[in-house]
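Presented below is the structure to which this report refers.
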Amino acid sequence: MRLIGQIAVNVFKESVRDKVLYNLVAFAVLLIAVSYLLGQLTAGQDMKIIKDLGLAAIASFGRLIAVFIGIGLVWKEVERRSIYSLLSKPIRRHEFVLGKYAGLALTLLVNVLVMTVAFYAILAYLNTLYPESIQVTWPAPATDPGMLRAILLIFVELLLITAVALFFSTFSSPFLSAALTLGLWVIGHFNDDLRSFEAVVESPVAAYFARGLYYVLPNFGAFDIKTQVVYALPVPWLYVVTTMAYGCVYIAMLLTGAVAIFSRRDFK
Amino acid sequence: MDAIRTEALTKHYPVGFWRPRAYVALDGLTLDVGQGEVFGFLGPNGAGKTTTLKLLMQLTFPTSGRAEILGRPVGDVSVKRRTGYLPENPYFYDYLSAEELLHYFASLFGYGAADRRRRVSDLLDEVGIGAERRLQLRKFSKGMLQRVGIAQAIINDPEVVFFDEPMSGLDPMGRREIRELILRLRDRGCTVFFSSHVLSDAEALCSRVAIVASGRLAATGELSEILAFKALGWEVVMGGLDDAVLESATASGHIDRATALGGRRYALHVPLSVAPDRLVAEFVSQGAELVSVNPVRETLEEFYMRKIGAVSRDRGLADVGKAPASSE
């Protein structure tokens, strides 16, 4: 564990110095600019839009980092041969893979935390601009803590995307890894449609195939509860916890696969 | 117990996508390196040197054969604690400084903060990195990266250290410093296994060498044995030598060739079959004077080229139709 932690801290340090956290500035500027523009156009209804946009921005910025740093985590080390020196130290290959993953997870955690604080700060400020007569028309208070459930699931989704990117990057090029990860993410958002595929096709083979894919592919749609929290629709904690558990099992399987492939890999 | 031992170590790489064929990068390498030796692993580019080092570091896995370091199988974490490795043309993390990189690597060996600080500082001094130690590595030249690479290879004060082309990218001063460092490591009892295609490095440092060519071991032994391998003749330098006397000696086959050094002074190459003392006596009787007499032996360079030529010829006949080299 000590070695995994040390590798993770190094990944985090590299990410910070590689200006990955600059995205936070972009996030804050985007949110403030949109809030200002919407404030000019609508009469109090912009709060829902700002919440929706803020949560979408947290997810989108996180996904960019997860995919584009995730695919480079292993590839960059191999391509630049820095892995040669590292693997000659007393570490095992699985410690390398898990350390790399933990480092990016730490980077994402810091990102999501900072974005969340900025998001709530902007919402709290906007709240002061509206009279109570408008605030009572909102489905939920401006700084509704219920949104944290959505953010929690966004974070688990980011961890899952990172695991997918890392898995592909253990055996393919960055371009292919990015394409496969993004492809899987898009398909994973339509996973529910695969389950009900048998209702729209006649071929039992196609229906079984679709059902098989439903079980095998990650269900990214399950992590998206933005609409529910923005409109203050009930999202039980049980749903949040079981979805997180589903994400963790999937991540564990992907990391096991990544370790298995990486442990047998020749560095030519 | 040997420091390093390989038995019939072999590595094939598949080449081609649809119908992969085996490219033989290393073919049955058997070697023993004793503890405390400075062992030179020589050969031209593509000979299998880097492949051998990667196999010893478990960066690649052997197709067959086995290797041990300090009596334990390679890849064993307990062995990695006692060894160091400098890869060829090392590259590290762009955004770390030399100091941070060494701190990071020292932490992987479990050094405490105080030990780490002292060790990192001493090592950077030893490899000649001064104020630059706080610069990010992306701003380092190739030679500076090589020095950092050497420092990280010995961060754990290893018992066995593997250097892949340690002089690569260094200026003459840097080469001398690294030679001195290797000798200091030897004096501390560290076994140094280094690969190089620069023979002068091996001549200056090694007690024993192995020569590989086309993935096969061409020769191994004491450097002094290899240098004394073949006497080729004598080099006699004479002053005040008449052209007529020189022509007569050349015509009679007593001299292979003569090189004018200026002012009637000549360096004469005398074949092994001719006794140099008689020839010198004859020249002196004709009014010439002796400057020097030295035996001409096969240099390591010539030995190396001869061995590589022989292995390549064998290999060329044996490997007709095999895939070309894609890496070492």
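So that you can scan it fast, the table gives a plain yes or no per residue for (1) over 25 Å from B:G110 (Cα atoms); (2) not assigned by TED's automatic domain parsing to the domain that holds B:F41:
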residue	(1), (2)
B:E132	yes, yes
B:L135	no, yes
B:V148	no, yes
B:P166	yes, no
B:R179	yes, no
B:R186	no, no
B:T191	no, no
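Would it be correct to say that A:P218 is assigned to a loop (DSSP other than H, G, I, E, B) and under 20 Å from the mean Cα position of the chain (by Cα)?
Taking the combined requirement at face value, the residue satisfies it.
Return the residue satisfying two criteria in turn: it lies in region B:55-77 and is free of Cβ contacts under 8 Å to residues at least 40 places away in the same chain and more than 10 Å from every other protein chain (Cβ to nearest Cβ), and of such residues it is least open to solvent (accessible area, probe 1.4 Å).
B:V74
Determine if region B:27-41 includes at least one residue that is within 14 Å of chain A (Cβ to nearest Cβ) and either of a type in the set (A, V, I, L, M) or farther than 26 Å from B:C190 by Cβ (or both).
No; the residues of region B:27-41 include none that is within 14 Å of chain A (Cβ to nearest Cβ) and either of a type in the set (A, V, I, L, M) or farther than 26 Å from B:C190 by Cβ (or both).
Output the qualifying pairs, or none if there are none: Cβ atoms under 6 angstrom, residues six or more apart or on different chains, first residue in region A:79-92 and more than 7 Å from every other protein chain (Cβ to nearest Cβ), second residue open to solvent by less than 10 Å² (accessible area, probe 1.4 Å).
Hits for this filter: A:I83/A:E77.
Select from region B:84-109 the residues that are of a type outside the set (A, V, I, L, M) and free of Cβ contacts under 8 Å to residues at least 24 places away in the same chain and write down the one among them that is farthest from B:G128 (Cα to Cα).
My answer is B:S107.
Since A:S172 meets every condition but one in (1) hydroxyl-bearing (S, T, Y); (2) in contact with a Gly (Cβ under 7 Å, 6 or more places away or on another chain); (3) in a loop (DSSP other than H, G, I, E, B), which condition does it not meet?
Every condition holds for A:S172 apart from (2).
Report, by residue number, each residue of region B:230-264 that is among the hydrophobic types (A, V, I, L, M, F, W, C) and either part of a strand (DSSP E or B) or not assigned by TED's automatic domain parsing to the domain that holds B:V284 (or both).
Scanning region B:230-264 gives B:A231, B:L232, B:W234, B:V236, B:V237, B:M238, B:A258, B:A260, B:L261.
Condition check ((1) open to solvent by less than 10 Å² (accessible area, probe 1.4 Å); (2) assigned to a loop (DSSP other than H, G, I, E, B); (3) closer than 11 Å to B:V212 by Cα) across all residues:
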{"position": "B:M1", "(1), (2), (3)": "no, yes, no"}
{"position": "B:R5", "(1), (2), (3)": "no, no, no"}
{"position": "B:A8", "(1), (2), (3)": "no, no, no"}
{"position": "B:P14", "(1), (2), (3)": "no, no, no"}
{"position": "B:Y23", "(1), (2), (3)": "no, no, no"}
{"position": "B:F39", "(1), (2), (3)": "yes, no, no"}
{"position": "B:A47", "(1), (2), (3)": "yes, yes, yes"}
{"position": "B:L53", "(1), (2), (3)": "yes, no, no"}
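With respect to B:E203, is the statement that it is in contact with a Lys or Arg (Cβ under 9 Å, 6 or more places away or on another chain) and open to solvent by 60 Å² or more (accessible area, probe 1.4 Å) true?
Answer is no for this residue.
Could you list, in sequence order, the residues of region B:87-117 that are at the interface with another protein chain (Cβ under 8 Å from one of its Cβ atoms) and touching a strand residue (DSSP E or B) at 6+ places or on another chain (Cβ under 6 Å)?
B:P87, B:Y95
Read through the list (1) modelled with pLDDT of 90 or more; (2) more than 22 Å from the chain's Cα centre (by Cα); (3) not in a loop (DSSP other than H, G, I, E, B), then give the number of the only condition that A:I91 fails.
(3)
Determine whether A:T256 is assigned to a helix (DSSP H, G or I), open to solvent by less than 80 Å² (accessible area, probe 1.4 Å), out of contact with any strand residue (DSSP E or B) (no Cβ under 6 Å at 6 or more places or on another chain) and among the polar types (S, T, N, Q).
No; evaluated as a whole, the condition is false for this residue.
Is there a residue being on the phi < 0 side of the Ramachandran plot and within 14 Å of chain B (Cβ to nearest Cβ) anywhere in region A:126-139?
So far as region A:126-139 goes, no, none of its residues is on the phi < 0 side of the Ramachandran plot and within 14 Å of chain B (Cβ to nearest Cβ).
With respect to the numbered conditions (1) in contact with a strand residue (DSSP E or B) (Cβ under 6 Å, 6 or more places away or on another chain); (2) among the charged types (D, E, K, R); (3) within 19 Å of B:E180 (Cα to Cα), which one is the sole condition not fulfilled by B:R134?
(3)
Within the set of pairs 6 or more residues apart or between chains, which connect a residue that is modelled with pLDDT under 95 inside region B:152-164 to a residue that is of a type in the set (D, E) and open to solvent by 10 Å² or more (accessible area, probe 1.4 Å) with Cβ atoms less than 8 Å apart?
Correct list of pairs: B:D164/B:E88.
Residues in region A:106-154 that are among the aliphatic types (A, V, I, L, M) and without any contact (Cβ under 8 Å) to a residue 60 or more places away in the chain: how many?
Number satisfying all stated conditions: 9.
Can you tell me which condition B:K80 does not meet? The list is (1) more than 8 Å from chain A (Cβ to nearest Cβ); (2) open to solvent by 10 Å² or more (accessible area, probe 1.4 Å), and all the others hold.
So the condition that B:K80 fails would be (1).
Out of (1) surrounded by 14 or more Cβ atoms within 10 Å (Cβ to Cβ); (2) over 28 Å from A:R264 (Cβ atoms); (3) among the aromatic types (F, W, Y); (4) at pLDDT 90 or above, what's the single condition that is false for A:W237?
The failed condition is (1).
Which number in (1) part of a loop (DSSP other than H, G, I, E, B); (2) at pLDDT 90 or above; (3) not assigned by TED's automatic domain parsing to the domain that holds B:L185 marks the one condition that B:T60 misses?
(3) is the only condition that B:T60 fails.
Assuming B:V120 fulfils every condition listed in (1) assigned to a helix (DSSP H, G or I); (2) open to solvent by 30 Å² or more (accessible area, probe 1.4 Å); (3) more than 10 Å from chain A (Cβ to nearest Cβ) apart from one, which condition is it?
(2)
Of the residues B:L183, B:L217, B:L135, only one is open to solvent by 10 Å² or more (accessible area, probe 1.4 Å), touching a residue at least 60 places away in the same chain (Cβ under 8 Å) and over 21 Å from B:N45 (Cα atoms); which?
Exactly one of B:L183, B:L217, B:L135 is open to solvent by 10 Å² or more (accessible area, probe 1.4 Å), touching a residue at least 60 places away in the same chain (Cβ under 8 Å) and over 21 Å from B:N45 (Cα atoms), namely B:L183.
Could you list all residues from region A:100-135 that are open to solvent by 50 Å² or more (accessible area, probe 1.4 Å) and closer than 30 Å to A:L3 by Cβ?
Selection gives A:L106, A:L109, A:L113, A:V114.
The values are calculated or read from the model by the stated rules, or taken from the named source; none is laboratory data. As the structure is a prediction and not an experimental result, all values here were calculated from the model. Don't worry about glycine lacking a Cβ; one is built from the backbone with ideal geometry, like all the others, and counts go over all protein chains shown. Calculation scope for accessible area: heavy atoms of the full protein, side chains included, ligands and nucleic acids excluded. Shrake-Rupley method; radii C 1.70, N 1.55, O 1.52, S 1.80 Å.
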